[in-house]
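Here's the structure, in structure tokens; my notes come after.
The values are calculated or read from the model by the stated rules, or taken from the named source; none is laboratory data. As the structure is a prediction and not an experimental result, all values here were calculated from the model. Counting neighbours? That spans all protein chains shown, and the Cβs are built from the backbone with ideal geometry, glycine included.
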Amino acid sequence: MASAEKKVTAENDNTQEKASEPVFSIGRKIGALVALLVVLTFGITQLIASELHMYLDVAADIENSSLLGQLVEDVTDRDEMVRIYSRGMEIYQGIPEEIRQQRFSEEYRSYYDELVTPKYQEVFDLLKTLCGRHGYRWIDLRVEDPDTGRIIYLLDTDPQGDYKYGVGYWEEEDEAVQIYSIFSSSDTEDDDADTGADTDEDTADGTDLISGFIDSIHNVIVMMSLPNSQFVTEVPYFDPYTGEVIGRIGFGADVAPYYQHRRIFALIFMICMIVMLILILSVISLTIRYMISKPIKELSNAARNYVADKDKYQSGHYFENVRVKTNDEVRILRDSMSSMEKDIENYMNDLTVMIADREHTAAEMDVGAKIQMGMLPDELTDYNGIRDFDISAFIRPAKEVGGDFYDFFAIDDDHVAVVIADVSGKGVPAALFMILVKILIMTAGQTGMKPAGIVERVNRQLCEKNAEAMFATVWLGIYCISEKKLEYVTAGHEYPVLYRASEDRFEMIKEEHDIALGVIPEYAFTEREIQLNSGDKVYLYTDGIPEATAPDDEMYGLNRLTDCLNAHRSEKGNGLLDAVIKDVDDYVGDASQFDDMTSILLEVNDSPI
């Protein structure tokens, strides 16, 4: 049976250990995050690289167009080119605007018949040949109306339809195919100063050409997003005699080859990136495993073993033995946890000693409390006189031992001393000082002195050796049974409360206090007296009762005490004392008691007991 129970326990431990294993370890989480970031980075890099590759192709074609424009200027008949541009512009400007608006009409086209000559056809054929050799779809000659911005086509090697882009066809500036202007280097050095050709030469440089293209790259994107779109570049044509720009040469190409080049580049780039991605992820995975995941897992296992073996704890071997090869935060964590483990061990050892000391102290305090309570009288002993009075008392310390005390003892068969006092401080020091005060008062009281003489003697004795400057408030009264007279001294204590049977109510006797005992060695205390009658009562108390505080920080107070006494004035002895304490407890509720509560009641009866 014992072995079966051990087996079940072991299986339960294994089940709990498996259940506590995380589904995704920190290494897997970090690896997945890194992999995601790397994949996203490579994806974005591939997209950008593919687009840039296509844009570089476009930029290269723009540069080729510039070079081809220079070639056109070199191989064509310049006089014929000047005639085509100049005469073509003159014909356009000589046509009335109402006829221009009919750009597809025979009447409008007939104006340009004189422009088409055999030499014009030679230029056409030459441009057609260059177009085929250099991979362009068409090459055209165009001029721009300076007044309207219209583009007038004067020659096109690949006209669309019968009229569009034919000789004389024009279009508004916003109707034109996306065009990129290029300043050719065909202008002569002789005309640089007059024509501003140094700007042209700067832009003819390949770097500036590409830079200018990149500045307008958004236009390329717009143009290439259109289906069956063409990419058009144009270079200026300069009059060889004046150096002025008299027209432009346009070069048109389909966009489809650019996309094909981009797809091939993207495929090659993707294959390279996949291989590189596998290598990078492998390196990252191994790095995470040996630098982060493995030491953290060992720390986790050490923490689990530490918790599981806490009942058989061994000092400093759980976290100290975890191997960390890197000098980083993981090593700091290991060292901190190892230090924490040792600190916990020291704390547990100290706590064990502290608990043992506290239990020993609590036992001693319990014995001290019993001794202290045993020193307080339960009833008047060693008295053989007339018992026409009754004395009741109540005490509840705030701690195990307190500084409050009461006492009553017989001086002779006609005099009884009644004492209630409150010593400064709390706990053991107050309890020791309380015992001293009690013994001194009882000793002085047996000499037969008056109340004032007793407290003056005790006061001097307390002041002689009082290095801690402790003091005690004392109310001391001597009741004369035969005369029903109470002589008393109030040494810094609370006001007594007197009940007159004839008036059937309690009233507080508010009179000037003397100082507490233990403060000034030579002090003359004031002695007062009260004439009592049958049924009268004197209620005495310490400040723990009126100063009891509710959770809202409001004290119980003297008025509530007087009201409570009057509400229970018919009660006798301990019944009245218990009623007051219950009213105080109901008032403070759950608030903790912070001061001792002590009360004593002297009652004069109608007849001897």
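Need pairs with beta-carbon distance below 7 Å; first residue of a type in the set (K, R) and within segment 126-148, second part of a loop (DSSP other than H, G, I, E, B); sequence gap 6+ or separate chains.
Cβ pairs passing all conditions: K128/T157; R137/D158.
Residue check, R505 against (1) touching a residue at least 60 places away in the same chain (Cβ under 8 Å); (2) touching a Leu at 6+ places or on another chain (Cβ under 8 Å), all met but one. Which one?
Of everything listed in (1) touching a residue at least 60 places away in the same chain (Cβ under 8 Å); (2) touching a Leu at 6+ places or on another chain (Cβ under 8 Å), R505 misses just condition (2).
I'd like the full set of residues that are under 30 Å from G427 (Cα atoms), of a type in the set (A, V, I, L, M, F, W, C) and out of contact with any strand residue (DSSP E or B) (no Cβ under 6 Å at 6 or more places or on another chain), limited to segment 381-400.
Answer for segment 381-400, where residues must be under 30 Å from G427 (Cα atoms), of a type in the set (A, V, I, L, M, F, W, C) and out of contact with any strand residue (DSSP E or B) (no Cβ under 6 Å at 6 or more places or on another chain): just A398.
In segment 397-446, what residues are closer than 21 Å to D596 by Cα, in contact with a helix residue (DSSP H, G or I) (Cβ under 7 Å, 6 or more places away or on another chain), in contact (Cβ under 8 Å) with a residue 60 or more places away in the chain and in a strand (DSSP E or B)?
F405, A421
Name the residues in segment 370-424 that are of a type in the set (D, E, K, R) and within 14 Å of M442 (Cβ to Cβ), would you?
D382, D407
For segment 96-136, list the helices (runs of 4 or more DSSP H) that sit wholly inside it and hold at least 2 residues that are aromatic (F, W, Y) and more than 60 Å from the chain's Cα centre (by Cα); which are they?
118-133
Table: residues versus (1) surrounded by fewer than 16 Cβ atoms within 10 Å (Cβ to Cβ); (2) within 30 Å of C480 (Cβ to Cβ).
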| site | (1), (2) |
| --- | --- |
| A524 | yes, yes |
| A548 | no, no |
| D553 | yes, no |
| T562 | no, yes |
| G573 | yes, yes |
| K582 | yes, no |
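When you scan segment 580-588, do you find a residue that is over 20 Å from D422 (Cβ atoms) and in contact with a strand residue (DSSP E or B) (Cβ under 6 Å, 6 or more places away or on another chain), even just one?
The answer is no; no qualifying residue exists.
What pairs come out if I take residues in segment 540-555 that are free of Cβ contacts under 8 Å to residues at least 12 places away in the same chain and assigned by TED's automatic domain parsing to the domain that holds S424 and pair them with residues that are of a type in the set (D, E, K, R) and assigned to a loop (DSSP other than H, G, I, E, B) whose C-beta lies under 7 Å away, six or more apart or interchain?
What qualifies is M555/E547.
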